[in-house]
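I have placed the structure first, in the form of structure tokens, so that the comments after it can refer back to it.
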Amino acid sequence: MKSKNEFTTELDDISYQNEILQHVSRTFALTIPQLPESLAEVVGNAYLLCRIADTIEDDKLMTAALKREYAEQFIAVVKGTDDAETFAEGLFPLLSPTATEAEHDLIANTTPVIRITHSFNERQRAALERCVSIMAEGMIRYQDAETLDGMADLKDMGQYCYYVAGVVGEMLTELFCDYSPEIDAQREEMMQLGVSFGQGLQMTNILKDIWEDHERGACWLPRDIFNKYNVDIRHKVLGQNEPGFDEALIELLGVAHAHIHNALLYTLKIPAKEKGLRRFCLWALGMAVLTLEKIRQTPNFTTGQEVKISRRSVKATIFFTSLFVGNNWALNTLFKFSGRRLPMADIHEKL
């Protein structure tokens, strides 16, 4: 039996989680509420855990050694073997001024976030702990790779995408399986497609943010693809795409599009009656396809803002995917039409 104060704390924690989500991610603040309430709570919490790990990795002032120290400490906090308050009090003053106000707020309030984490069932906690551990360790591993040299090849890019997004696809799948016995019955295939789901969304972000990353001295593009077209990505120049750059970019759009197609297959395996789970997936996928198409149309873009989809496109994505949410044939047709001008790579052997 919980005391009145314990109930109040729990409600306050959930209220904080719902509020901070609005400030750290507009996309997830839009999609997470589509999930059934119990699932929305754990997915929302999972996103905040990932965001804390990401805030450590992205900090502009912390040394690599400090980032490793706090990443490892955070893994222990999530597992319940270290104190959340001590972690927050140590990390908060070290945050760079370039971290957003919401990120500062989230780090300061690690304790209520972790209290919610530790309230979940064993399978849910195991999924969250595994995801944070792999993500935090992977981000630190790629810390030294944050240069203009880019990734060695497409496989290396895929490994990076796994650490920052593919593992999230696995975590979401585990949470969906815990929620639904029907999804759990397809766990093995869903897990595989879930990794591809994460990579598709991450590749879309990488391609959209090429020039913002370049400006801060980072590049996540695969050298092998650009070398094939005699392009040295280290010396790429904003607004001056050399011959071959557009062709390499188009090839990568094809890979990202193929992963998004796998993500659609993933979504269609979710029972049609689970409309909230499907909407959660479909809205993100629809926006990703439209972003890839904008990049295809404007390969000489110089900022991510130029290829950001409009609010009208977001509303259209929400409307049409919601309209056909339970109809697999209609959803297949809709996505085929939306991506009709995009190339589609053959990535089957890579899965």
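The values are calculated or read from the model by the stated rules, or taken from the named source; none is laboratory data. As the structure is a prediction and not an experimental result, all values here were calculated from the model. Reconstructed Cβ throughout: ideal geometry from the backbone, glycine too, with neighbour counts over all protein chains shown.
State whether one or more residues within the stretch 142-152 are part of a helix (DSSP H, G or I), touching a helix residue (DSSP H, G or I) at 6+ places or on another chain (Cβ under 6 Å) and within 30 Å of Cys177 (Cβ to Cβ). Taking every residue of the stretch 142-152 in turn, none turns out to be part of a helix (DSSP H, G or I), touching a helix residue (DSSP H, G or I) at 6+ places or on another chain (Cβ under 6 Å) and within 30 Å of Cys177 (Cβ to Cβ). What do you reckon, is Val325 closer than 16 Å to Leu265 by Cα and hydrophobic (A, V, I, L, M, F, W, C)? Yes: the conditions hold for Val325. Can you tell me which residue in the stretch 294-322 is nearest to Leu201 (Cα to Cα), limited to those that are touching a Ser or Thr at 6+ places or on another chain (Cβ under 7 Å) and in a helix (DSSP H, G or I)? Only one residue fits best here, namely Val307. Against the list (1) in a helix (DSSP H, G or I); (2) hydroxyl-bearing (Ser, Thr, Tyr); (3) closer than 29 Å to Leu39 by Cβ, the condition Ser119 fails is (1). Being assigned to a helix (DSSP H, G or I), of a type in the set (Gly, Ala, Ser) and touching a His at 6+ places or on another chain (Cβ under 9 Å) holds for only one residue in Ala29, Ala65, and it is Ala29. One residue alone among Ile56, Ile52 is touching a helix residue (DSSP H, G or I) at 6+ places or on another chain (Cβ under 9 Å), modelled with pLDDT of 95 or more and under 23 Å from Asp213 (Cα atoms), and that residue is Ile52.
Residue under question is Ala316, and the condition is that it be assigned by TED's automatic domain parsing to the domain that holds Tyr229 and more than 24 Å from Gln192 (Cα to Cα); does it hold? Criteria met by Ala316. Restricting Gly158, Gly166 to those that are over 23 Å from Arg234 (Cα atoms) and within 14 Å of the chain's Cα centre (by Cα) reduces the list to Gly166. Assess whether Ile210 counts as being surrounded by 15 or more Cβ atoms within 10 Å (Cβ to Cβ) and within 21 Å of Thr291 (Cα to Cα). Here the answer is yes, as Ile210 does meet what is asked.
Across the stretch 84-116, the qualifying residues are those that are in contact (Cβ under 8 Å) with a residue 60 or more places away in the chain and hydrophobic (A, V, I, L, M, F, W, C), and the one among them that is surrounded by the fewest Cβ atoms within 10 Å (Cβ to Cβ) is Ala102. Looking across the stretch 59-83 at every residue that is hydrophobic (A, V, I, L, M, F, W, C) and surrounded by fewer than 19 Cβ atoms within 10 Å (Cβ to Cβ), the one that is modelled with the highest pLDDT is identified as Ala76.
Within the stretch 71-103, the residues that satisfy the criterion of being more than 25 Å from Glu19 (Cα to Cα) and either assigned to a helix (DSSP H, G or I) or among the β-branched types (Val, Ile, Thr) (or both) are Glu72, Gln73, Ala76, Thr81.
Is it the case, given these coordinates, that Ser119 is within 16 Å of the chain's Cα centre (by Cα), modelled with pLDDT of 95 or more and surrounded by fewer than 20 Cβ atoms within 10 Å (Cβ to Cβ)?
No; evaluated as a whole, the condition is false for this residue.
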